[in-house]
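Peer 1: Would you mind keeping the following structure in view while I ask a few things?
The values are calculated or read from the model by the stated rules, or taken from the named source; none is laboratory data. These figures come from a predicted structure and were not determined experimentally. Neighbour counts are summed over all protein chains in view; Cβ atoms, including those assigned to glycine, are modelled from backbone coordinates with ideal geometry.
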Amino acid sequence: MVDFHQFKQEVIDYSKEIGVDKIGFASVDVFGELKSRLQTQQEFGYQSGFEKGTIDERTEPVRLLPEAQSIISIALAYPSKMSDAPKSRKGERRGIFCRASWGRDYHDVLREKLNKIGSFLQKHFPEVQMKSMVDTGELSDRAVAERAGIGFSGKNCAVITPEFGSYVYLGEIVTNIPFAPDEPVEDSCGDCNICVDTCPTGALVQGGQLNAQRCIAFLTQTKDFLPDEFRTKIGNRLYGCDTCQTVCPKNKKKDFHNHVEFEPDPDVVKPKLIPLLSISNREFKNTYGPMSGSWRGKKPIQRNAIIALAHYKEQSSVPELIRLMNEDPRPVIRGTAAWGLGKIGTAECFEEIEKAMELEKDEQVVYEMKKGLEFQKI
């Protein structure tokens with residue numbers, strides 16, 4: 001007779017040996033509350049489009065593994081602060097990658113940990129069935145972690161752990177081993193509504209309900225023209241947004257450097273903006289490829305860099321923006337550069353936009369050029 005209580009403790013002990021910061025166990029019952037929330041998101045068009053699977057697949061673990069009897073949830077803490085962060089100054093403006101993109105791609109690091117736990121399970125139970133996921137799987141990492149007692153789901157839609165705040169990466173293994181579930185952590189947001197009130201775009205519709213279409217973290221990853229209303233909100237963000245985490249009282253003084261893989265290279269996560277505009281595909285892959293923030297390629301990041309330079313009204317970027325407006329083969333980059341020149345607003349900027357507009361054939365780019373020229377009236 002297998003003592004699953006004892007084996008559960010062995011799995012916990014092993015997880016600590018391989019550097020897992022927190023581990024919990026959950027049942028495979030239907031995630032009813034999540035299902036209701038996802039249906040609301042779908043009805044109101046709040047989804048990002050990056051979600052995988054149907055609502056049923058995302059809330060019913062047995063659809064993913066018919067013999068499933070429990071879920072193992074793990075969390076790895078990541079840093080909230082970096083030492084020697086370079087300053088953004090006139091002539092050398094810098095952008096910023098969100099904390100979740102610092103260091104090596106967390107998907108790879110968590111998968112390695114989950115694979116080790118999977119091998120440990122298989123060593124003791126050769127016939128074990130498993131399905132592991134990190135972020136891109138059907139199940140909601142947050143919902144699983146909440147049920148497994150890793151933390152509670154805050155109003156900022158992040159799992160908040162007592163130990164590490166919300167600065168944690170999550171992953172899970174669905175398995176047919178019947179581990180006893182852990183107790184959930186009590187929600188302690190209380191009356192605090194700081195994240196909802198502070199969100200730059202009002203993406204947090206209410207506590208725990210996110211309109212992904214308005215979330216800056218999502219918008220920085222889109223590849224098309226950024227809607228006008230968000231261009232003034234994005235600031236110097238190149239990928240992701242940390243506002244709802246940095247304002248959270250539960251994250252005060254939470255800064256953990258438990259994993260060397262997540263340590264940021266300051267010049268990479270806070271890069272100079274102008275050099276980003278001419279970076280080659282090879283350079284981009286070599287420099288940013290190991291980061292999770294590179295997964296959509298360089299175009300969104302370059303578009304965001306142009307918007308950041310416009311935000312700063314950085315005149316030293318004008319020659320490079322003129323080059324992009326006239327020569328770049330990508331309409332989104334040409335048009336955003338034209339808009340950015342108008343936002344910077346020197347006489348040269350407006351003259352160059354007018355000249356380029358005479359030759360431009362793409363209607364969307366011409367529209368952006370006209371918007372750029374509108375800044376003359378402000």
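Peer 1: Residues being of a type in the set (A, V, I, L, M, F, W, C), under 22 Å from residue 339 (Cβ atoms) and in contact with an Asp or Glu (Cβ under 9 Å, 6 or more places away or on another chain): count how many of those fall in region 268-305.
Peer 2: Residues flagged as of a type in the set (A, V, I, L, M, F, W, C), under 22 Å from residue 339 (Cβ atoms) and in contact with an Asp or Glu (Cβ under 9 Å, 6 or more places away or on another chain) within region 268-305 amount to 3.
Peer 1: What helices (runs of 4 or more DSSP H) completely inside region 223-328 contain at least 1 residues that are farther than 23 Å from residue 198 by Cβ?
Peer 2: In region 223-328, 266-269, 273-276, 281-288, 298-312, 318-327 are the helices (runs of 4 or more DSSP H) which contain 1 or more residues that are farther than 23 Å from residue 198 by Cβ.
Peer 1: In region 185-222, how many are of a type outside the set (S, T, N, Q) and part of a loop (DSSP other than H, G, I, E, B)?
Peer 2: Within region 185-222, residues that are of a type outside the set (S, T, N, Q) and part of a loop (DSSP other than H, G, I, E, B) number 14.
Peer 1: State which residue is nearest to the chain's Cα centre (by Cα) when the search covers only region 11-30 and only residues that are of a type in the set (Val, Ile, Thr) and not in a loop (DSSP other than H, G, I, E, B).
Peer 2: Of everything passing the filter in region 11-30, 23 is nearest to the chain's Cα centre (by Cα).
Peer 1: If you don't mind, there's one more thing I want to ask. If you go through region 61-82, how many residues are touching a helix residue (DSSP H, G or I) at 6+ places or on another chain (Cβ under 8 Å) and either modelled with pLDDT of 95 or more or closer than 28 Å to residue 313 by Cα (or both)?
Peer 2: Qualifying residue count for the region: 11.
Peer 1: Within region 142-161, can you find the residues that are more than 9 Å from residue 24 (Cβ to Cβ), assigned to a helix (DSSP H, G or I) and among the basic types (Lys, Arg)?
Peer 2: Result: 142, single match.
Peer 1: So, in region 62-118, of the ones that are on the phi > 0 side of the Ramachandran plot and of a type outside the set (D, E, K, R), which residue ends up nearest to the chain's Cα centre (by Cα)?
Peer 2: 103
Peer 1: Yes or no: region 104-119 includes at least one residue that is of a type in the set (Asp, Glu) and touching a residue at least 24 places away in the same chain (Cβ under 8 Å).
Peer 2: yes
Peer 1: Mind checking which pairs have a first residue in region 227-243 that is surrounded by 22 or more Cβ atoms within 10 Å (Cβ to Cβ) and a second that is among the small types (Gly, Ala, Ser) and part of a loop (DSSP other than H, G, I, E, B), Cβ under 8 Å, 6 or more apart or different chains?
Peer 2: If the second residue must be among the small types (Gly, Ala, Ser) and part of a loop (DSSP other than H, G, I, E, B), the pairs left are 237/95; 238/95.
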